[in-house]
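Engineer: Below is one structure. I have some questions about it.
The values are calculated or read from the model by the stated rules, or taken from the named source; none is laboratory data. Keep in mind that what you see is a predicted model, and the values were worked out from it rather than measured. Virtual Cβ from ideal backbone geometry, glycine too; neighbours counted across all protein chains shown. For the accessible areas, the whole protein counts, side chains as well, though only heavy atoms, and no ligand, DNA or RNA atoms are used. Shrake-Rupley method; radii C 1.70, N 1.55, O 1.52, S 1.80 Å.
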Amino acid sequence: MEAILIERLSKTFSNGRKALDEIGLRIEPGEMVALIGASGSGKSTLLRHIAGFAVSDAQPSRISILGRPIQHDGKLVREVRSIRRDIGFVFQQFNLVNRLSVQTNVLIGALARLPFWRRLTGTFPRSERALAMTALAEVGISGHATERAANLSGGQQQRAALARALVQRARIILADEPIASLDPESSRRVMEMLRALNINHQLTVLVSLHQVDIAMQFCPRTIALRQGKVVYDGPSAALSPALLQKLYGDAARELFEEPAAAATDEGRAVTTPSAPATASPYAFALDPAHST
Ligand SMILES: Nc1ncnc2c1ncn2[C@@H]1O[C@H](COP(=O)(O)OP(=O)(O)OP(=O)(O)O)[C@@H](O)[C@H]1O
């Protein structure tokens, strides 16, 4: 049984924009897969459909999560909430409730399985609190448990979001450009954390990325989108500059460049001027063995 199964998924927005065009994909449990593509290629739209946050065009199509359909033929199933419990979602930003403590944010992952009165009063059993602390320790930020989430750096916030997915007992993590606003060091830590969850907890990870070199470093498999279509699905190691040029033409450059905004683990999010691609720590660097 696939962790994620997608058949003939298309999405046309009300303005006539076709964001997804007959997507078909199978992702097995325990895989760590990168989703790459230039801006506007459909990465976020695809992830939102997989999580059941958006519905496809009303034509024959299906998305199943661990064997259970979450939507088909342009309709969400009634059990969408229960199926979504298997999915931890990490966004580029806005992952946490700023005014709550880090530990409470992580405990939100446990809410769905608690009795109604506990959800209403926000009181968590000791066992869940212990689970939250274990998860925070696992992602390396237990020292920040009692701080307000707003005080965390961008990288720490992403790690807290991963701890929340652990407490939720998610089986799949969908991460939508989780490192797009982070500096290289924080990015590396978040990607390492994703890999650790993938390996140590056998979580299936599908992560959208702008940088091909990060995909190659952390994800054995890459799915590449262009204008809502899958144009490559295979080993990340095979993504040579020549192949990317073939897939994307001039737009391939965007996948080599450093993001404009950065946040450090030491400070709050800051905006930095975009560095020239040649000076970028993300500059596309291929192991010669990978070149074709
Ligand atoms: N709500 C919407 N209404 C109309 N068009 C939309 C909507 N959301 C997305 N689109 C369009 O669908 C296409 C795919 O957008 P999407 O955000 O999925 O791309 P992306 O690959 O995630 O881009 P980025 O890397 O910039 O986040 C784009 O052309 C976008 O303009």
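Engineer: I'd like the distance between the alpha-carbon centres of region 1-20 and region 112-173, rounded to an integer number of Å.
Structural biologist: Computed from Cα coordinates, the inter-centre distance equals 31 Å.
Engineer: At 222 nm, what helix-only mean residue ellipticity would the chain give, in deg cm²/dmol to the nearest 500, using -39500 (n - 2.57) for each DSSP H run of four or more?
Structural biologist: So the calculated ellipticity at 222 nm is -8500 deg cm²/dmol.
Engineer: Heavy-atom accessible area per residue, region 9-60, 1.4 Å probe: how many Å²?
Structural biologist: 40
Engineer: Follow-up question, since we're still on this one. Do you know the relative contact order of region 1-148, to the nearest whole percent, from alpha carbon pairs under 8 angstrom that are 6+ apart?
Structural biologist: Over region 1-148, the number comes to 18 percent.
Engineer: Another question, then. Sticking with the crude label model, points 7 Å out along Cα→Cβ, report the distance from K18 to N200 in nm, one decimal please.
Structural biologist: So the two model labels end up 4.5 nm from each other.
Engineer: If you don't mind, another one. Any idea what the relative contact order of the chain is, in percent, if you count C-alpha pairs under 8 Å spaced at least 6 apart?
Structural biologist: Across the chain, relative contact order equals 22 percent.
Engineer: In addition: Averaging sequence separations of C-alpha pairs under 8 Å and six or more residues apart, then dividing by the length of region 1-66, give the relative contact order as a whole percent.
Structural biologist: Relative CO of region 1-66 lands at 46 percent.
Engineer: Then there is this: In straight Cα distance, which lysines are under 23 Å from K11, not counting same-chain residues fewer than 8 positions off?
Structural biologist: K43, K75, K229
Engineer: With a 1.4 Å probe and every protein chain kept in, tell me what percent of the accessible surface of the chain is carbon plus sulfur.
Structural biologist: Taking all protein chains in place, the chain shows 53 percent carbon and sulfur surface.
Engineer: Something else about it: Need one word for the chain: rounded, prolate or oblate. Basis is the Cα gyration tensor (sqrt eigenvalues a ≥ b ≥ c); a/c below 1.5 gives rounded, then a/b vs b/c decides.
Structural biologist: Note, shape of the chain comes out oblate.
Engineer: Rounded, prolate or oblate: which fits region 55-162, taking a ≥ b ≥ c as square roots of the Cα gyration tensor eigenvalues, rounded meaning a/c under 1.5, else prolate when a/b beats b/c?
Structural biologist: Here region 55-162 falls in the prolate category.
Engineer: What does the accessible area per residue of region 84-183 come to in Å², with a 1.4 Å probe and no ligands, DNA or RNA counted?
Structural biologist: Computed with neighbouring chains in place, this is 43 Å² per residue.
Engineer: For V77 and L114, FRET efficiency with R0 = 25 Å and r from the beta-carbon atoms, rounded to 0.05?
Structural biologist: 0.60
Engineer: Still on this structure, I have one more. Could you report the accessible area of F13 in Å², rounded to 10, computed with a 1.4 Å probe on the protein chains as they sit in the structure?
Structural biologist: Accessible area of F13: about 90 Å².
Engineer: How would L243, L46 line up by accessible area, probe 1.4 Å, largest first?
Structural biologist: The residues order as L243, L46, largest area first.
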